[in-house]
Structure formats: structure tokens, C-alpha cells
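Structure first, then comments.
The values are calculated or read from the model by the stated rules, or taken from the named source; none is laboratory data. Fair warning: this is a prediction, and the values are worked out from it, not measured in the lab. Virtual Cβ from ideal backbone geometry, glycine too; neighbours counted across all protein chains shown.
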Amino acid sequence: MTPAWTWLIPAISVVVLGGALVAGVGPWLAALCGIALFAAVIVAVHHAEVVAHRVGEPFGTLVLAVAVTVIEASLILSLMFAGGEDAAVIPRDTIYAAVMIICNGVVGICILVGGIAHREQTFRVEGASGGLAALIAMSALALVLPDFTTTSGVGTYTAGQLEFAAITSTALWAIFVFVQTMRHRDYFLPVEDKTNTDTHANPPTNLQAVGSFGLLLVCLVAVVGLAKVLSPIIEQVIIKAGAPKAVIGIVIALLVLLPETWAAVRAALANRLQTSMNLAIGSALASIGLTIPVVAVAAIVFGLPLHPGLEPKDLVMLAITFLISAVTLGTGRTHIMQGAVHLVVFAAFLFLAFVP
């Protein structure tokens, strides 16, 4: 029997979101929105795990990664249309923040807590290395090369260059999904653990899986909707604190990535680091491979300003992240030292965002 909270919390979250949209967000309603946001994240992860148990790996992690990224792209577009010239850097800041949060924050905490709980963990390096290579190429095309092209201004692309970056990013993501789900699916399957009762439990029925998929979408819509409702308040707090506007992109990415982060950490604690890596790398690739084409089409069709090139400081941080990732994820075996290194880089990313 399905627990009542699995459908009651999504319903309440949507009601709270509707109330905030109609009545506006005061101090008490803002606090209620924050509570509803975190509750919706927890329930979203539950339903994602139900779907994952029904369809198996790596399809389950792909469902959550794609669902979150599609809604993330929608949120970025809404901010671009509403923000004018100041919104030209929002896609760049959000995508860059998502990559840094996933590759350093999510990967780091998963490796650290997994190492603390299980001493040493393993995953299939064949899948992770291919995904990391695609992520480096996509990040370079979308965020790095605009600073070095000469046809347009520094940090920008012409329409043709933007189209090329969008097409190649989409192609790389599509090939990765094909490899992950069909051609080399075994590269992304976790090593069977006979002590893991979740793996050997009876899978949910098709009806339960469909119901959970629908409720997962409701939860994700509620998460992004509540994040958007709270974003003006967060923006005011950031401005009053004297922090750079780039911090707004970090906050957006943090809120949107909460469901995936929670799911990845739970998997690492359950000694399923392969699932954590599938979520992390898949989410980072989807964040670029799906978001860049949508943003590019909107910028070209509607004439929206777009500044995808990173600042010099961020270029260095991105290069450090990929260099460390190639070293720490290159053996398929992890322990707490690797997680600590990623988290230190993540801390540096956050610190330098506030003190550039």
C-alpha cells in the first residue's frame, strides 16, 4: 500500500505554490514555501527511486537527471525573458554552477560519506571516463571558447557559433545516452551486492511505477516553482549582503539540484556508488546538453542577449575541477581523501563566488 505522505506532500506543495503565486510572498509564507520545497525534494527522491527500481539502472537515474534538467532549462528561460540585459549571464552562471556543484560538491560528498561508511567503494571507470570526456568537451564549447573566438566580442558567440555549440552539445549528450542505455549499458550497472536488500526487494508494479513517475514530475514542478517564488527574496538578501550577482546562479543551481544530490548521497551511503556516479555525471551532461540548445534557440529566435563565456577566475576553477576529476575518478576505486579534495575545491568555488 502506498504511504499517504508520498502523494499528500506533493499536493500540499502545489497548494502552497499556488497560494504564493496568488497572494504574494510574505515572511510567514516564505518560510512555508521553504519547508514545502525541502519536503518536495525528499518525496521526489522517493518516487525517483521507485521508478529506478522498476526500470533498473541506468534508466532510473536518467529519468531523474532529464526531468530536473528540463525544468531547470524552463526556469532559466523564464529568468532570461524577465531580466533584460542583466539576464545575459544567467544561463552561463547557472550552468557553470551546476557543473561545479555536481563535479565537486555532489561527487565529493558522495565519495566522502561512502568512504566513511564503507572505507572503500568501487564503480565502473569505463562509463565514468566516457562521460567525463564528453563533459569536458561540452563545457569547453559552451563556456570556454566564447572567451577566445574573435568574430564577436569577448565572451560571446555569433549566431552561427552558438548554433554549432548547441548542435555538438546535443549530439554528445545523445551519444552518451545511447551508450549508457543500449550499446554499453553494462558500463553503468552497479556491481551486485548480496547484502543490499534494496537491490533484491520485489520491484514495484507497472501501475505503482507510473504513479510515482507522475508524482515525481509534480514534485519537480513544485521544487522549481517554489524556488522561483523564493528567488526574489534570495536575490534581495544577496544584494543586501553585497555579494556578486553570480551568486544568484549558484543559488538557482543548488535549489534545482537538491533532488539529485539527496538521491546520490543516499545511494553512496547504501554502498551503491555506481548509482551516485550515474546521477552525477549524467546530470552534469544533461545540464549542458539539454540546456544550451534551448537557451541558444531562445536567444537566436527572440533576440535575447547571451554572454556564455566564463570569467578568468572561473576558467581556472573549471580546469582544476576537470584535472582533479580525471585523477580521482580514473581508477574506479574511491576513499575519503578523494572526497575531501573535491570538497575543498567546492569550498573554494563558493568562497571565490562571494569574494571574487
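Kindly indicate whether Ala347 is crowded, with 19+ Cβ neighbours inside 10 Å and more than 21 Å from Gly127 (Cβ to Cβ). Talk me through it step by step, then tell me what you get.
Numbers: crowded, with 19+ Cβ neighbours inside 10 Å: no; more than 21 Å from Gly127 (Cβ to Cβ): yes.
Considered against the rule, which asks whether it is crowded, with 19+ Cβ neighbours inside 10 Å and more than 21 Å from Gly127 (Cβ to Cβ), Ala347 comes out as no.
Among residues belonging to the stretch 36-60 that are assigned to a loop (DSSP other than H, G, I, E, B) and at negative phi, point out the one that is surrounded by the most Cβ atoms within 10 Å (Cβ to Cβ). Even if it seems obvious, please write down each step before you answer.
Just the residues of the stretch 36-60 that are assigned to a loop (DSSP other than H, G, I, E, B), to begin with: 56-58.
Adding the requirement that they be at negative phi leaves 57-58.
On the way: Glu57: 20, Pro58: 25.
The extreme case among them is Pro58.
Can you tell me which of Gly153, Gly127 is within 23 Å of the chain's Cα centre (by Cα) and modelled with pLDDT under 90? Talk me through it step by step, then tell me what you get.
Working: Gly153 fails: within 23 Å of the chain's Cα centre (by Cα).
Going through Gly153, Gly127 in turn, the sole match is Gly127.
Among the residues of the stretch 1-35, write down those that are outside any helix (DSSP H, G or I) and either within 17 Å of Pro259 (Cβ to Cβ) or free of Cβ contacts under 8 Å to residues at least 40 places away in the same chain (or both).
Here is the first cut: in the stretch 1-35, the ones outside any helix (DSSP H, G or I) are 1-4, 24-26.
Across the stretch 1-35, the qualifying residues are Met1, Pro3, Ala4, Gly24, Gly26.
Where in the stretch 191-308 are there helices (runs of 4 or more DSSP H), lying fully within it, with 1 or more residues that are under 23 Å from the mean Cα position of the chain (by Cα)?
Values: elements: 197-200, 206-240, 246-256, 258-269, 273-289, 291-302.
Hits in the stretch 191-308: 206-240, 246-256, 258-269, 273-289, 291-302.
State which residue pairs qualify: first residue touching a residue at least 40 places away in the same chain (Cβ under 8 Å) and surrounded by 18 or more Cβ atoms within 10 Å (Cβ to Cβ) and inside the stretch 222-237, second residue of a type in the set (Asp, Glu) and part of a helix (DSSP H, G or I) in any location, beta carbons under 9 Å apart, and separation of 6 or more residues or different chains.
Val224/Glu72
What is the one condition in (1) over 20 Å from Asp147 (Cα atoms); (2) in contact with a helix residue (DSSP H, G or I) (Cβ under 6 Å, 6 or more places away or on another chain); (3) buried (at least 18 other Cβ atoms within 10 Å of the Cβ); (4) modelled with pLDDT under 95 that Ala270 does not satisfy?
It fails just one condition, (2).
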